1. Sum up the charges of everything whose Cβ sits under 12 Å from the Cβ of Leu98, counting Lys and Arg as +1 and Asp and Glu as -1, but leave Leu98 out.
2. So if we plug the beta-carbon distance of Val103 and Ile130 into 1/(1 + (r/R0)^6) with R0 = 30 Å, what FRET efficiency do we get, rounded to 0.05?
3. Mind listing the long-range amide H neighbours of Tyr16? Cut-off is under 5 Å, sequence gap 5 or more, other chains count too, H placed in the peptide plane at 1.01 Å from N.
4. For the range 9-80 and the range 100-132, what is the separation of their C-alpha centers, rounded to whole Å?
5. What do you reckon, how do Lys162, Lys141, Lys112 stack up by accessible area (1.4 Å probe), largest on top?
6. If I compute solvent accessible area with a 1.4 Å probe over the protein chains, what percent of it on the chain is carbon and sulfur?
7. Dipole magnitude of the chain about its Cα centre, charges +1 at Lys/Arg Cβ and -1 at Asp/Glu Cβ only, in debye to the nearest 20?
8. Just need the Rg to Rh number for the range 22-132, please, alpha carbons only, Kirkwood Rh.
Amino acid sequence: MTWFYPYSMLSIHKSYSFTPDSVVVENYAEDLKIFNEAYEEDLEALESADNIDLTVDRTQYLLPMYEQDWLTSDDTVEMDKEKLDKMLFEVKNGREYLLELMVRKDYSEDQKDYLANVISGLLSLEDQLIDLKNGTAESRKTLNSQIRNVQSSFESNFMVFKTFYERSKDN
């Protein structure tokens, strides 16, 4: 029974039930599906190509971060510290893959700007997740708002990544 703030020391079950907005999830899932269809074609072409396109190759490691169940389904999900830790881990790994891309591949200035924006967005997401994990919210309403903000940040970061990916194919 959770009588107190979900992540407080006094709370018995340190979790929070989050129900995402179905319209937001539907739009995001559709964008993700369209991207994945185009990406699968690029991945198949990569397997038959002589040289490896690092952007296409590394994208396969970034997609799980954007395809999390709570982002693509409108089912209620339990948010606990373990789930937040997993999200934080995926975001940090995603940032590392993108930093590797920035160092190892030559991009145009426009492409570098988008890549920097994706990395910056992931840094912001890390901060949001750490705030959630450390329980800085004062009420369930604030906590719900923070989780919705994290959801929005994932979605907007994906859109910037998608734009970066599409522009990187212009090389």
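The values are calculated or read from the model by the stated rules, or taken from the named source; none is laboratory data. These figures come from a predicted structure and were not determined experimentally. Note that we place each Cβ from the backbone using ideal geometry, even for glycine, and neighbour counts take in every protein chain shown. Heavy atoms of the whole protein, side chains included, go into the accessibility calculation; ligands, DNA and RNA do not. Shrake-Rupley method; radii C 1.70, N 1.55, O 1.52, S 1.80 Å.
1. Residues close to Leu98 contribute a combined charge of +4.
2. Computed FRET efficiency for Val103 and Ile130: 0.75.
3. Met79, Asp80
4. A separation of 17 Å, based on Cα centres.
5. From most exposed to least exposed: Lys141, Lys112, Lys162.
6. Heavy-atom surface of the chain belonging to carbon and sulfur, 1.4 Å probe: 49 percent.
7. The calculated dipole for the chain is roughly 1000 debye.
8. 0.99
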